[in-house]
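The values are calculated or read from the model by the stated rules, or taken from the named source; none is laboratory data. Predicted, not measured: the structure shown is a model, and the values here were computed from it. Note: ideal-geometry Cβ built from the backbone for every residue, glycine included; neighbour counts use all protein chains shown. These accessible areas exclude ligands, DNA and RNA; they are computed on the full protein's heavy atoms, side chains included. Shrake-Rupley method; radii C 1.70, N 1.55, O 1.52, S 1.80 Å.
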Amino acid sequence: MRALAAAGLVLLVVGAVRADTSCEEISLRRMKPMMATLVTITVRGCDAEVLEARVRDAFAEMERLASILSEWDPRSATSRLNDNAGIGPVEVPRELEEVLGAAQETSRVTSGAFDATWAALAPLWKFDGKTARLPPAAEVKRLRALVDHRHLVVDREAHTAYLEHRGMRIGLGGIAKGYIAQAAADLLVSRGVRDVLVAASGDIAARGRNGERPWTVAVRNPEGGVLATADLHDESISTAGDYERFFVIDGRRYHHILDPRTGYPAHGTRSVTVIAPRGVLADGLDTGLLVMGAERGVKVAASAGVAALFVDDAGKLHFSPAAAGRFSLAQEAAVTRR
């Protein structure tokens with residue numbers, strides 16, 4: 001799970017009054033710990049009491065969705081799916097069905113570089129800041145055989161899902177937060193709050209504007225500081241980076257983003273930031289593109305029509321075609337542009 005301070009995205013919320021409003025508009029920002037991070041919701045409007053109520057509704061909706069999508073909650077629908085791997089299909093709620101469908105599509109687009117069934121490997125890798133050890137190669141090979149998105153069967157007519165082999169597991173940490181952030185933003189808009197920014201760790205959804213300005217976020221440089229800023233226009237942004245949780249052995253960094261095709265941490269790319277119309281797409285693709293690397297990832301981002309910014313192991317920047325003009329680079333980052 002990505003922590004806000006390390007996730008690569010920092011809120012830049014500057015007060016401004018929208019010229020076309022007929023009231024004295026205010027900005028309200030509230031934070032709440034959930035999903036192993038600190039979630040921030042910023043809204044604009046005229047009635048503080050109404051805004052407070054709507055933000056509470058949004059937080060409640062995020063908690064409801066997290067209770068469905070978390071593989072760590074033994075009572076969740078996702079856990080029921082995992083518990084019945086190799087046994088039989090289970091009925092799943094609409095929200096889980098939607099996320100599983102998005103995960104399957106992202107797997108297809110990235111040729112398996114993103115794979116929600118990666119979680120079979122999770123017990124082997126510890127990134128708790130205390131344990132620095134490599135798992136036995138034989139165990140990686142054994143559990144890697146259980147990772148294959150093609151053996152996740154989602155029946156849209158019956159509203160069921162099924163993992164075909166015992167030991168398979170779904171882990172939605174690489175896609176669920178983007179879905180949850182976008183759902184909270186959409187809920188707020190549906191209830192009359194048109195200007196919204198929801199930040200769930202490295203996954204941010206924007207609706208409307210920040211007064212007379214767009215909502216603006218800063219992208220973290222993997223080496224520290226700010227790499228770039230981006231204005232958001234009714235869209236989402238997500239960053240995946242190798243600097244969030246990792247350990248070093250013999251000078252090599254092993255981080256928490258695993259390549260589902262090998263069972264080992266991906267290499268070659270430090271971070272990927274994706275801007276997309278929907279959070280579930282941005283969140284899934286940033287992970288998949290990081291695993292793919294810049295050379296192939298730029299092409300996949302182009303075919304998906306999303307803006308993607310890559311930082312490779314040498315510190316060089318790579319941009320998908322749609323990223324042109326979307327990122328304003330910090331002065332120190334401009335020299336590494338490619």
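Quick notes
- Residues with amide H under 5 Å from that of Ala330, placed H, sequence gap 5 or more: Ala228, Thr229
- Theoretical ellipticity at 222 nm over the chain - DSSP helices of four or more residues, -39500 (n - 2.57) apiece, nearest 500: -9000 deg cm²/dmol
- Residue-span extension gain [Gln331 to Glu52] - 0.36 nm each, minus C-alpha spacing: 96.6 nm
- Using a Förster distance of 22 Å, the FRET efficiency for His165-Asp73 (Cβ separation, nearest 0.05): 0.45
- The angle between the Cα long axis of helix 176-190 and the longest principal axis of the Cα atoms of the chain comes to about 30 degrees, rounded to the nearest 10.
- In degrees, nearest ten, helix 294-304 long axis to first principal axis of the chain (Cα): 60 degrees
- Among 304-313, 30-39, 57-66, sorting by the average number of other beta carbon atoms lying within 10 angstrom of each residue, highest first, gives 304-313, 57-66, 30-39.
- Ordering of 198-207, 147-156, 259-268, 243-252 by burial proxy (mean other Cβ atoms within 10 Å per residue, highest first): 198-207, 259-268, 147-156, 243-252
- For Leu124, net neighbour charge (Lys/Arg +1, Asp/Glu -1) across residues whose Cβ lies under 11 Å away: +4
- Cα-based reach from Lys141 at 14 Å (exclusive), listing aspartates and glutamates while leaving out same-chain residues under 8 positions away: Asp259
- Ranked by how many other beta carbons lie within 10 Å on average, peptides 67-79, 173-185 from highest: 173-185, 67-79
- Modelled FRET efficiency - R0 35 Å, Leu134 with Val189, Cβ distances, 0.05 increments: 0.15
- For the chain, the longest principal axis of the alpha carbon atoms and the long axis of helix 94-109 meet at an angle near 70°.
- For Cα Rg over 2.2 N^0.38 Å, the value calculated from this model appears in (1) 0.98; (2) 1.13; (3) 1.03 under label (1).
- Accessible area expressed per residue, the chain, with surrounding protein chains retained (probe 1.4 Å, Å²): 43 Å²
- Backbone HN-Hα couplings from phi across segment 221-228 [Karplus 6.51/-1.76/1.60, Hz, Gly and Pro as x]: 6, x, 8, x, x, 9, 8, 6
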